[in-house]
Amino acid sequence: MSVGHTIISLLGALLMASPVFGQAMNTPEDLAATGFFRDQDTLPGSFRFYQQLPGGEERLWGIGPSHPKIRRSSFKLDAHEDVADFSQQVRCQKCHEPQTKDLHGLRMDISCVQCHRNQPVSGVFQYYSPLNPIRRHAYVCAKCHEGASPSFASYMVHEPNPIASETRSTFPAFYYAVWFMLILAGGVFVFFLPYTVLWWLRDLIAKFKRSAGHA
Amino acid sequence: MPEQRTRLKRFTPVHRLWHLTLMLLFMLLSVTGVAWMFYETQWGRELAGLFGGYQGALEVHKIGGLVLLAALLLHIPYLFYCIDWKKFPGSLLNANSLVFQWEDIKGFFGHIGWVFGLNDLPKYERWGWWAKFDYWAVWWGLTIVGVTGLMLYDPVLTSDYMPGWMLNVALWVHRIEAVLAMGHIFTVHFTVEHWRPGNFPFNAGMFDGTMPLEEARHDHAAWVARLEGEGRLDAALVAPPPVPLRILYFVFGYSIILLGIYLLVFAVTNAALLTLF
């Protein structure tokens, strides 16, 4: 290698690499990164995809999901620390039955520890938990959903009951959208199903009358 | 001796082609969608097995959905082609138009009155209020399932443009609209078009494009009167299609109807096994 090349390489290394030294990778964009580039990442303005609001929850004018109360155990390294009768031999379903009844569990047979990791199961907001929202997308979702972003990770795997009244405050968009659709569908059925039966009967009568008239 | 020209031309070949395309894609999307929705039940897994499991069923569902959306987009220039621009915008309200008009509101309430024996059947034009409802229901239905379906097509890509929790919303909206569409077609549409005493057991109108003149005089009196007044009735009459074609229409039509009934019956009987919340 020539001297000129060496100088250029050194200069390049100094110029390119210097910001990395002594600087922690902890900007929101760094934490949100998935670790590889996709086609749309190279478009102008693509940084928007990685922007997160403070708290990591983009609620979109308050209609998205919120966590009104988070249990203390969700911040613990061992979420079951204070559960008196906890044993590693007890199946998760014994206490967390509703959480097994969603698309991931029912249709894909995904087991709890595939996302919540093995014992001790840490609380999802524990700083080092793989399910902590700052890294959930990369450490958990991306295992199956290649390229998952923080926005993607805001999908509610354990979704609430959309028609329950609590959901109106915890996830308004979900509650109102599902109720709107149910009223629309229900309205169509409530009118058309009985009306079609009556229409059928009326047609039968009309047919009899017409054939009687011809006879 | 040629058969008598007893049938009135009602649907053009292009109308029938749109209906055929919609029908085939609708059934494909119904089977694959129901298979996926009932995947936690034995029946759903068997249904998905026809497509090589859930991945195959989902793949076919996605491709079928894209083709149907493409057909919907293609329908827009066709609509523009159908509009009589020389007499626009008045032509939107002519008797052949599918746009809802004051006459349809009167026709709707007149129909209710007739069902309850309060008045005679209103004199309907070419399209009754129920036909117009069915036509526009496809528009709003496909818009709702189409937008949510596109969102669910690639969830990772979608969540770049909107919060990921919108997918929770999209899946439920998609699901309810699909249940509404299937429920309506497999009960109301089949009954009104095929099983009413006048049409039973099978109304091939959407296949051969005609309806019996006798029936039209009763169900679409204003239309027949208009054709007679304009001296166009004779030109609009045709003989029934040849017997082999009638058999083909019946067998093909009924295989679709039976598929719909099969989905309806098994979906209802398996509904209790479904975990929704």
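Points worth noting:
- Test: residue in region B:76-96 that is crowded, with 17+ Cβ neighbours inside 10 Å and within 21 Å of the chain's Cα centre (by Cα): no
- Annotation: residue B:214 fulfils all but one of (1) within 24 Å of residue B:110 (Cβ to Cβ); (2) within 18 Å of the chain's Cα centre (by Cα); (3) among the charged types (D, E, K, R); the unmet one is (2).
- Meets criteria (more than 10 Å from every other protein chain (Cβ to nearest Cβ), surrounded by 14 or more Cβ atoms within 10 Å (Cβ to Cβ) and among the β-branched types (Val, Ile, Thr)) for residue A:188: no
- Residue that is modelled with the highest pLDDT [pool: residues in region A:128-143 that are within 14 Å of residue B:164 (Cβ to Cβ) and part of a loop (DSSP other than H, G, I, E, B)]: A:140
- Answer from A:161, A:132 - the residue that is over 26 Å from residue B:177 (Cα atoms) and of a type outside the set (Asp, Glu): A:132
- Taken over region B:44-58, the criterion of being outside any loop (DSSP other than H, G, I, E, B) and surrounded by 14 or more Cβ atoms within 10 Å (Cβ to Cβ) is satisfied by B:44, B:45, B:47, B:48, B:54, B:56, B:57, B:58.
- Region B:155-169 - residue that is closer than 18 Å to residue A:177 by Cα and assigned to a helix (DSSP H, G or I) and, of those, farthest from the other protein chains (Cβ to nearest Cβ): B:166
- Flag for residue B:157 being touching a Gly at 6+ places or on another chain (Cβ under 9 Å) and modelled with pLDDT under 95: yes
- For the residues B:92, B:118, B:69, the requirement of being assigned to a helix (DSSP H, G or I), of a type in the set (A, V, I, L, M, F, W, C) and at pLDDT 95 or above singles out B:69.
- Cβ separations smaller than 7 Å between residues 6+ apart or across chains give the following pairs from region B:92-117 residues that are within 14 Å of chain A (Cβ to nearest Cβ) to residues that are acidic (Asp, Glu) and exposed (fewer than 12 other Cβ atoms within 10 Å of the Cβ): B:114/B:120.
- Against the list (1) within 30 Å of residue B:35 (Cα to Cα); (2) without any contact (Cβ under 8 Å) to a residue 40 or more places away in the chain; (3) of a type in the set (Asp, Glu), the condition residue B:84 fails is (1).
- Filtered by the rule that a residue be within 23 Å of residue A:198 (Cβ to Cβ) and facing chain A (nearest Cβ under 7 Å), region B:170-193 gives B:180, B:183, B:184, B:187, B:188, B:191, B:192.
- Among (1) out of contact with any Lys or Arg (no Cβ under 7 Å at 6 or more places or on another chain); (2) outside any helix (DSSP H, G or I) - the single one residue A:188 does not satisfy: (2)
- Once region A:163-215 is narrowed to residues that are of a type in the set (Lys, Arg) and closer than 29 Å to residue B:122 by Cβ, the residue that is modelled with the highest pLDDT is A:202.
- Within region A:113-132, tally of residues that are closer than 23 Å to residue A:72 by Cβ and either out of contact with any helix residue (DSSP H, G or I) (no Cβ under 7 Å at 6 or more places or on another chain) or among the hydroxyl-bearing types (Ser, Thr, Tyr) (or both): 13
Condition check ((1) in contact (Cβ under 8 Å) with a residue 60 or more places away in the chain; (2) more than 8 Å from chain B (Cβ to nearest Cβ)) across all residues:
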residue: A:139; (1), (2): no, yes
residue: A:144; (1), (2): no, yes
residue: A:149; (1), (2): yes, no
residue: A:153; (1), (2): no, no
residue: A:157; (1), (2): no, yes
residue: A:168; (1), (2): no, yes
residue: A:172; (1), (2): yes, yes
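- The residue of region B:245-277 that is farthest from residue B:46 (Cα to Cα), among those that are β-branched (Val, Ile, Thr) and more than 14 Å from every other protein chain (Cβ to nearest Cβ), is B:247.
- Within region A:152-178, the set of residues being in a loop (DSSP other than H, G, I, E, B) and touching a His at 6+ places or on another chain (Cβ under 7 Å) comprises just one member, A:157.
- Considering residues of region A:121-152 that are more than 18 Å from residue B:151 (Cα to Cα) and of a type in the set (Ser, Thr, Tyr) only, the residue nearest to the chain's Cα centre (by Cα): A:139
- Matching residues in region A:73-108 - criterion: being in contact (Cβ under 8 Å) with a residue 60 or more places away in the chain and more than 20 Å from residue B:168 (Cβ to Cβ): none
- Of the helices (runs of 4 or more DSSP H) lying entirely inside region B:203-277, those carrying at least 3 residues that are of a type in the set (S, T, N, Q) are B:243-270.
The values are calculated or read from the model by the stated rules, or taken from the named source; none is laboratory data. Note that the structure is a prediction, hence the values are computed from the model and not measured. We place every Cβ from the backbone using ideal geometry, glycine too, and count neighbours over all the protein chains shown.
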